[in-house]
Amino acid sequence: MEDLSKKTLDIKFKKTPDYKIVPATGAWGGATPQGEVLCSFFVEHNDIPESIKYKIGDGVAKSSEEQSPVNLVREFQMGVIMRPDIAKSIGQWLIKKAEEIMNPRPNLNF
């Protein structure tokens, strides 16, 4: 029988033409009807106002004191659907990477 521990597997990394990096300040999701995990990443921010009013006086526009209520928005950037075992594996990988960054070793330069 062939000893597989001495064989190598070369993996090439490649990006699709539409690959992009998106920001995330949170995630939302859960189980799909097919038993997979849906994880939608969002960015949380204050909503932009629908409009603002300026008072004109002496030929100069001055900001009005009127303020609209602040609305918090969770703008969804992208969603990922995966099998539960893959979701668990990615979750463990994320925790490991976060711990490496939060507890830096002396020889790492950031």
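The values are calculated or read from the model by the stated rules, or taken from the named source; none is laboratory data. Worth saying up front: this structure is predicted, and the values here are computed from it rather than measured. Here Cβ is always computed from backbone atoms with ideal geometry, including for glycine, and neighbour counts include all displayed protein chains.
Structure values in brief
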| quantity | calculated |
| --- | --- |
| Residue check, VAL73 β-branched (Val, Ile, Thr) and modelled with pLDDT of 80 or more | yes |
| Of all residues in the stretch 31-53 being among the small types (Gly, Ala, Ser) and at pLDDT 95 or above, the one that is nearest to ASP85 (Cα to Cα) | GLY35 |
| Hits in the stretch 1-48 - residues which are within 20 Å of GLY91 (Cα to Cα), in contact with a strand residue (DSSP E or B) (Cβ under 7 Å, 6 or more places away or on another chain), in a loop (DSSP other than H, G, I, E, B) and in contact (Cβ under 8 Å) with a residue 24 or more places away in the chain | VAL22, PRO23, ALA24, THR32, GLU36 |
| In the stretch 54-70, the residues that are in a loop (DSSP other than H, G, I, E, B) and either at pLDDT 80 or above or out of contact with any Pro (no Cβ under 7 Å at 6 or more places or on another chain) (or both) | ASP58, GLY59, SER64, GLU65, GLU66, GLN67, PRO69, VAL70 |
